[in-house]
Amino acid sequence: MDNTTLILCCIIVLLLAGFLAYLFWQMRKSSGSANTVEGGDGNMRGLRLQAYERLTLLVDRIALPNLISRVNQGGIGAKEMQLILTRTIKEEFDYNITQQIYVSADAWNAVKNLKEQNILVINQLAHALPQHATGLDLNKLLLEFLMTDKKGQLHEVVGEVLSYEAKHLM
C-alpha cells in the first residue's frame, strides 16, 4: 500500500468515526430532553400538589372559627372587627390567587365561593348588630351562626374537595 491509499483509508476511518460520534451525541441529546419532559410532568404534578396544599391551608386560615380566634382583639367595636375579618380574608385570598392555575376550575370556584360567603356572612351579621356593639359581640354572633347554620361549615366541604382532588394526583 502506498502512502496515498493509507492516508485515504485514515480519512475515511476518521470521517466514519466522526459521523458515529455525531449520531451518538444526537441520541444522548434527544434522550436527555425526553427525560426533561418526563421530569417536567413530575415537576408539574409536584406544583399541582403544592397548590392544593396551599389552598387547603388558605381554607383553614379563612374558616371563620379559625379566623376569629387568630385575629380576635379586645376593646374594639364591631365595625372595626368586621373590617379586620374581611380584610384578613381578602389578603389571604389575594396572597394565594396564583394557585388557581394549578387546580381544577371546580376547586378554585369552591375556594372563591368560600371567601365570598365568609365575607357576606361577616357583613350581614355586622349590620344586624346595634351601632355600639363590640368586636366581641360580632365574634360571638358569628360563632353562634356557625353552630346553627350549615353554610357555616362550608370550609369543611371545600377542604374535602381539595383533599379529594389532591389524592387523585398522587
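Here are the numbers:
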item: Contact order normalised by residue count of the range 42-169, Cα under 8 Å, 6+ apart, percent; result: 41 percent
item: Stretch gain in nm, segment T98-E156, where the contour uses 0.36 nm per residue and the Cα spacing is subtracted; result: 18.7 nm
item: Residue-by-residue Karplus 3J(HN,Hα) for the range 45-58, coefficients 6.51, -1.76, 1.60, Hz, glycine and proline x; result: 4, x, 5, 5, 4, 5, 5, 4, 5, 5, 5, 5, 5, 4
item: Amide hydrogen neighbours beyond the local backbone of T134, cut-off 5 Å, H modeled; result: A78
item: ³J(HN,Hα), Karplus 6.51/-1.76/1.60, whole Hz, each residue of the range 106-121, x for Gly, Pro; result: 5, 5, 5, 4, 5, 5, 4, 5, 4, 4, 5, 5, 5, 5, 4, 4
item: Pairwise centroid distance, computed over Cα atoms, of the range 127-170 with the range 46-96, Å; result: 11 Å
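FYI, it's all coordinate maths here, none of it is from the lab. The model shown is predicted, which means the values in this text are computed figures rather than measured ones.
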